[in-house]
Amino acid sequence: MALKEHLGLVFVSMLAAVSAGIVFGIILSRPSLYYLGKAIENVVNVGQTVPRLSAKMLWGNIRKLLLF
């Protein structure tokens, strides 16, 4: 029961993400929206970087606690 519900939720969220990505990719690839596309690309890149930085900071703090 739980597995079926989980797979349903994963499928729906994946379908929504892929659909939005395709639509926005097509819209932002138009020459008239070139600069807007670049600005959105920069925001997305920052959004992908922040979790990595926080994980590195957390790991650094854990290492400091373990070494001292």
- Item | Dipole magnitude (debye, nearest 20) for segment 2-67, charges at Cβ of Lys, Arg, Asp, Glu | 320
- Query: Short version: ³J(HN,Hα) in whole Hz for each residue of segment 10-21, in order, from phi by Karplus 6.51 cos²θ - 1.76 cosθ + 1.60 (θ = phi - 60°), x for Gly and Pro, what are they?
  - Reply: 4, 4, 5, 5, 5, 4, 5, 5, 5, 4, 5, x
- Item | Mean ellipticity per residue at 222 nm, deg cm²/dmol - from DSSP H runs of n ≥ 4 across the chain, formula -39500 (n - 2.57) | -32500 deg cm²/dmol
- Item | Tilt relative to the chain, helix 34-67 - C-alpha long axis, 0 to 90 degrees, to 10 | 10
- So what does the Cα-only Debye profile of the chain read at q = 0.14 Å⁻¹, as log10 I(q)/I(0), no solvent term? -0.73
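Values quoted throughout were computed directly from the atomic coordinates according to the rules given, and no laboratory measurement underlies them. Worth saying up front: this structure is predicted, and the values here are computed from it rather than measured. Note that we place each Cβ from the backbone using ideal geometry, even for glycine, and neighbour counts take in every protein chain shown.
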